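The values are calculated or read from the model by the stated rules, or taken from the named source; none is laboratory data. The structure presented is a predicted model; accordingly, all values stated were derived computationally and were not measured. Positions of Cβ are backbone-derived with ideal geometry, glycine not excepted, and every protein chain shown enters the neighbour counts.
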Amino acid sequence: MLPTEITVGLVAALPRESAAQRMTISDLEPVRIPGDPNKYWCGSMPSAVADRPHRVVSALLAQDGTRNAAAICTDLMRSFPNVRCLLMCGIAGGFPAPHDPERHIGLGDVVTSAGGVVDYDHVRTVNGRDRIRRSTEGLSKTLLRADRELETRALAGDESWTGALREWEARASGEFRRPNARPGVPRVHRAAIGSADRLLRDATKRDRLARQHGIRAVEMEGSGIAVGADLHGAHWYMVRGIADHCDGNKDDTWHGYASLAAAAYTSALLAEVVPFGTQGASPSPNGGSVGGLGAVVEALLSLAVMEDDHQRRAVVAELPRPIRTSVPAHQVARLHVIAIVRTCERFDNGREALIDALRVTVGDIPELDLVISVIRSHWSGP
């Protein structure tokens, strides 16, 4: 499997989380990329198109925390330039509500980031009051729609994803099985998740955060993943299994099962989604396949203007202000072009804005007509 075929990145903070992820991936093989210190595992996961699975890469952080999460995003997306979506899949601390059954988050349950990720330690303090400085951007609308579809099915009594969970659980070692003290299957909660470089084992602080920010679980990598993905023009989603209640009673009893529950639900989400960026894929000169992003990038790089740093920046300067100010700078032509395309894809008018910028910069040349044809045939947004 070529690195350019990979369109989905799965990130884990801890070895058990990574092991659970790998149980759900078919055709798993280790991959090393020159110049990248990380070891990756690549393979396939089911998509909404029976004969076209997602091509995925799984990565494990060297250490937990938001900074390390952001760093691995940079490494992963440099090594796998066609990744369109990053999923953080692992454990979290849940906020219990034993007197409110609808809101109570039990051990082994799953929480998704349908309500976003709140960077609750990135605050402005004025007169003793904390306010969040900025919200996280780039939540995947595609996976949010998939999450809502699974919720709709669950309301009708269809929770077939738990059947796959039970199969993986039966094949796994004992540490991934549901503790005997709590029979049952996970409930899925769709909510805001708090993220910070803070290991929370304080029920009083937990309850205060719940009231202040409306969050229902906390973890330590989500905001880093969100920022790292958004800066590279990708979208993201979080799936967390609940391993503790953020109080003084934390232990590892639920760690393995919560990791597997999160991985199983992640698999169910991806199974609702068509492969990212592969609509209208065309053969590459090397006999492989080039997805939407790859085809557009190759077409743009066929223009001399996009190979030259100064002229490429002139193209960016012709984009509407909200788009051009969002394009990350890069001196390497290919990486800069990827950043330009990914940024434009995030805006409703991004494709036509890029075409207009090219026309202004390049002028009326025959080569441009072919490039525009490729852009319109292979363009795909999040």
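Data for the structure
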{"quantity": "Tally of residues being buried (at least 19 other Cβ atoms within 10 Å of the Cβ) and either touching a His at 6+ places or on another chain (Cβ under 6 Å) or not in a helix (DSSP H, G or I) (or both) across the range 211-244", "calculated": "20"}
{"quantity": "Matching entry among E221, E169 (being closer than 30 Å to F347 by Cα and not polar (S, T, N, Q))", "calculated": "E221"}
{"quantity": "S173, sole failed condition from (1) at pLDDT below 90; (2) hydroxyl-bearing (S, T, Y); (3) more than 24 Å from I25 (Cα to Cα)", "calculated": "(3)"}
{"quantity": "Any chance G93 is more than 19 Å from A226 (Cβ to Cβ) and more than 16 Å from the chain's Cα centre (by Cα)", "calculated": "no"}
{"quantity": "Filtered residues of the range 333-382 (kept if under 15 Å from A234 (Cβ atoms), of a type in the set (A, V, I, L, M) and modelled with pLDDT under 85)", "calculated": "none"}
{"quantity": "The range 342-382, residues that are small (G, A, S) and crowded, with 17+ Cβ neighbours inside 10 Å", "calculated": "G350, A353, A357, S380, G381"}
{"quantity": "Selection within the range 50-78 - more than 16 Å from E5 (Cα to Cα) and out of contact with any helix residue (DSSP H, G or I) (no Cβ under 8 Å at 6 or more places or on another chain)", "calculated": "A50, Q63, D64, D75"}
{"quantity": "Search result, residues across the range 277-319 that are assigned to a loop (DSSP other than H, G, I, E, B), under 19 Å from H232 (Cα atoms) and either among the small types (G, A, S) or at pLDDT 90 or above (or both)", "calculated": "G277, G291, L319"}
{"quantity": "Scope the range 14-71; condition more than 24 Å from R166 (Cα to Cα), assigned to a strand (DSSP E or B) and hydroxyl-bearing (S, T, Y); matching residues", "calculated": "Y40"}
{"quantity": "Unique match (being in the same structural domain as R178 (by TED's automatic domain parsing) and touching a Phe, Trp or Tyr at 6+ places or on another chain (Cβ under 7 Å)) among L28, L10", "calculated": "L28"}
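For (1) closer than 30 Å to F347 by Cβ; (2) modelled with pLDDT under 85; (3) within 25 Å of the chain's Cα centre (by Cα), each residue gets a yes or a no:
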{"residue": "A191", "(1), (2), (3)": "yes, no, yes"}
{"residue": "D197", "(1), (2), (3)": "no, yes, yes"}
{"residue": "D202", "(1), (2), (3)": "no, yes, no"}
{"residue": "D207", "(1), (2), (3)": "no, no, no"}
{"residue": "G214", "(1), (2), (3)": "yes, no, yes"}
{"residue": "G248", "(1), (2), (3)": "no, yes, no"}
{"residue": "A264", "(1), (2), (3)": "no, no, yes"}
{"residue": "L270", "(1), (2), (3)": "yes, no, yes"}
